[in-house]
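All remarks here apply to the structure that follows.
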Amino acid sequence: MKVTPPNKKLNTGNKNVTGYAFISPFLIGFFSLTIFPILYSLYLSFTDFDMMGTPNWIGLENYTRMFTSDPTFWKSMKVTFFYAGVAVPIRLVFALLVALALNKVVEMVGLYRTLLYLPSVVGGSIAVSIMWRQLFGNDGAFNSILAAIGLPTHSWLGDPGTAIWTLIVLYGWQFGSSMLIFLAGLRNIPKTFYEASSVDGAGPIRQFFIITIPLLTPVILFNTIMQVIQGFMAFTPSFVVTNGGPVNSTLLYVLYMYQRAFEYFDMGYASAMAWVMLVIIAIFTALIFKSSEHWVHYESDTK
Amino acid sequence: MKKKKITKKTIQHVLMGSFALIMIYPLIWMVSSSLKKSENVFVNSHSLIPNEWHFANYIEGWNGFAGITFGTFFWNSTVITVIATVGSIASSTLIAYGFARIKFAGKKIWFVAMMLTMMLPFEMVMIPQYIMFNQFGWIDTYLPLILPTFFGIPFFIFLIMQFIRTIPMELDEAAKIDGCNTFDIFFRIIVPLIIPAMMTSAIFSFYWRWDDFMGPLIYLSTPEKYPVSLALKLFSDPNSVTNWGAMFAMSTLSILPIFVIFFVFQRYIVDGISSTGMKA
């Protein structure tokens, strides 16, 4: 059909209009609720804005105060790195092990999968954080079990050395969605790979390292990035279970940021904190991506 | 040989079963505590069977605090959740169709922008958004909790896009030959076909909104307007709580809708997570 050329131009013009019409909600939201707030937050981070009056430009003062004269900032940074650094690997390894076990079970997989996923379904709710606080309280179920089997009890939430661990266990307990992603990844590995390697005399452990892990690496990469961001941004558990205490031992970064912003109305400082966190997350994500070239195998490479 | 197989299977199920039980023990514990008399909750607190079943906790808890019953809080949560979910699914579906099916100038750039937004934690924009909404006089209203969802949720856009891509292009072309314009194709052909993806998104939206705590915490100050999450936090304040049974009863009720949705729509949730890595 030779009639199209004159029409075509009109058509693409139309398409542009239609395309932008369809994505216009996104564009409006993107500029008003993401781009503008981010730039505004950058500006605020150089001011002393406290929700009263107008923001005064104070240059890098928030940043220098943060890094040189605010021990609480460093404490929250340390707590968050410890939390993310321990809880994320624990959750991922746990999720992978459970997925491997589930992959072996033939009957009732659905039931087990459902039961093991349940904690993650309700995990984000306040009810679970409140329950956790009581579970690990002095006369909670955990101490009660220890006492029943003759072990010494402990003030888990009251001891700065153990309080953070209750939050780490809470995080690890919700391994369900990572587990489902791993399980889907495992199901996608062709059985023939295992059969071929069996013929070559490879045992299950060797198979795990030469087949399962390499083929799962894209899934591991994805899980790691999402979990690291989530780990750094955790708020509700520390707010509800321990409220940062005792002696700031569970003061996660976002909780401290929240306190600065909404308890002290130190908006400039809190904005500066948000920017430091964004830079840290960006660096981590970039490092994980960069390193992935060395450990992530995509199927197209292996074929 | 056969016997050996049966033994192996039994061991497998015993191990798997006890592991699963340990994992859900805290949840059972919460439900069982909600049925114990308050003074007994922390006596032999690990035991799961109440000495006497105390269903009255649910009535006492429902009475709430400061003269506001949990009926109000549940209603508030429902209003916020339903409107926000409808808004996010309607807008995300439109946007997803635009990205998946229409060729237009600058599409790639906007798509990358959307994917970056997906990685950006809410905490980054929380403070400036608060100041903005404060300027608009929206503090202590539901607008900051509801309105942003009408601009699409990147996770849902992505999920629905992936789904639209599995629908053959020929279908759109055939409809075009029959005289449909883009909007007809969208509403009459695509939307009916992507209902499963919209359902999956709606379920996740429901979870996130129902559980949302930080948003209401920041924006709401009148207890009458609190959703369940915030009310529960107040109700459970360690310094004021004495009626533990009632507190656990309301905790249990607060996650009941999540359970119900989970058991009814399990398939959608598992598929959604497996294919996109979203979390509940």
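Given a 1.4 Å probe, how much area per residue of the stretch A:42-139 is accessible, in Å²? Spell out each step's value before the answer.
Working: 4240 Å² over 98 residues.
I get 43 Å² per residue for the stretch A:42-139.
Take the convex hull of the alpha carbons in the stretch A:15-57; its mean projected area over all directions comes to 3.8 nm².
The tail of the calculated P(r) for the stretch B:70-153, taken as Cα-Cα distances beyond 21 Å, holds 45 percent of the pairs. Taking all C-alpha pairs of the protein assembly as shown, those more than 44 Å from each other amount to 23 percent.
Chain A against chain B buries an accessible area of about 7800 Å², both chains summed, 1.4 Å probe radius. Figure note: A:Trp165, B:Trp75 ranked by solvent-accessible area, largest first, 1.4 Å probe, ligands and nucleic acids not counted: B:Trp75, A:Trp165. If you take the Cα centroid of the stretch B:40-82 and the Cα centroid of the stretch A:51-113, the two points sit 31 Å apart.
Go ahead and set up a Gaussian network model of chain B, Cα springs under 10 Å, then flag whichever of B:Thr141, B:Thr166, B:Thr200 fluctuates most. Answer for the Gaussian network model of chain B: B:Thr166.
For chain A, pairs of C-alpha atoms spaced more than 34 angstrom apart make up 44 percent of the total.
The mean count of C-beta atoms from other chains within 10 Å of the C-beta of residues in B:110-122, rounded to a whole number, is 4.
Helix B:244-276 and the longest principal axis of the Cα set of chain B meet at an angle near 30°. Pairs of Cα atoms nearer than 8 Å and 6+ residues apart set the relative contact order; for chain B it is 31 percent. Just the protein heavy atoms count here, and of the accessible area of the stretch A:201-248 at 1.4 Å, carbon and sulfur take up 71 percent. Distance cut-off 29 Å, Cα to Cα: go down the list A:Lys104/B:Lys3; A:Lys75/B:Lys37; A:Lys78/B:Lys225; A:Lys75/B:Lys233; A:Lys191/B:Lys103; B:Lys36/B:Lys233 and report the pairs above it. Among A:Lys104/B:Lys3; A:Lys75/B:Lys37; A:Lys78/B:Lys225; A:Lys75/B:Lys233; A:Lys191/B:Lys103; B:Lys36/B:Lys233, the Cα-Cα distance tops 29 Å for A:Lys75/B:Lys37; A:Lys78/B:Lys225; A:Lys191/B:Lys103. Per residue of peptide A:139-145, the mean number of Cβ atoms on other chains within 10 Å of the residue Cβ is 6. Compared with the dominant principal axis of the Cα atoms in chain B, helix B:123-135 is inclined by about 80°. For the stretch B:152-225, the Stokes-Einstein estimate of translational diffusion at 4 °C and a viscosity of 1.567 mPa s comes to 87 µm²/s, using the Kirkwood hydrodynamic radius over alpha-carbon pairs. The largest-to-smallest principal axis extents of the Cα set in chain B are 74, 72, 32 Å.
Heavy-atom surface analysis with a 1.4 Å probe gives the stretch A:88-181 a carbon and sulfur content of 72 percent of its accessible area.
The phi torsions of the stretch B:143-152, fed into the Karplus equation with coefficients 6.51, -1.76 and 1.60 and a -60° offset, translate into couplings of 3, x, 8, 9, 3, x, 5, 6, 9, x Hz, rounded to whole numbers, with Gly and Pro shown as x. Name the residue, out of A:Gly268, A:Gly231, A:Gly161, whose mean-square fluctuation peaks in a Gaussian network model built on chain A with Cα pairs under 10 Å. Greatest mean-square fluctuation among the candidates belongs to A:Gly161. Considering only B:Ala56, B:Ala197, B:Ala66, the mean-square fluctuation computed in a Gaussian network model of chain B, springs between alpha carbons under 10 angstrom, is largest for B:Ala66.
For A:Thr47, the residues whose amide H sits under 5 Å from its own are A:Ile58, ignoring neighbours fewer than 5 places away on the same chain, with H placed 1.01 Å from N. Taken one residue at a time, the phi angles of the stretch B:7-14 give Karplus couplings (6.51, -1.76, 1.60, θ = phi - 60°) of 4, 4, 5, 4, 4, 4, 6, 5 Hz. Gly and Pro are set to x. Measuring nothing but protein heavy atoms, the accessible surface of the stretch B:153-280 at 1.4 Å probe radius is 63 percent carbon and sulfur. Of the DSSP H helices in chain A, those with a Cα length along their own long axis of 15 Å or more and a mean Kyte-Doolittle hydropathy reaching 0.0 comprise A:71-104, A:109-122, A:163-173, A:176-187, A:213-232, A:267-295. Placing unit charges on the Cβ atoms of the charged side chains and taking the dipole of the protein assembly as shown about its Cα centre, the candidate lying farthest along the positive direction among B:Ser47, A:Tyr112, A:Ser41 is A:Tyr112.
With Cα atoms as the point set, the stretch A:148-250 shows a radius of gyration and Dmax of 20.1, 59 Å.
With +1 on each Lys and Arg Cβ and -1 on each Asp and Glu Cβ, and nothing else charged, work out how big the dipole of chain A is about its Cα centre, in Debye to the nearest 20.
My answer is approximately 1060 debye.
The values are calculated or read from the model by the stated rules, or taken from the named source; none is laboratory data. Since the model is a prediction, treat every value here as computed from it, not as a measurement. No Cβ is skipped: glycine too gets one built from the backbone with ideal geometry, and neighbour counts run over all protein chains shown. For accessibility, only protein heavy atoms count, side chains too; no ligands or nucleic acids. Shrake-Rupley method; radii C 1.70, N 1.55, O 1.52, S 1.80 Å.
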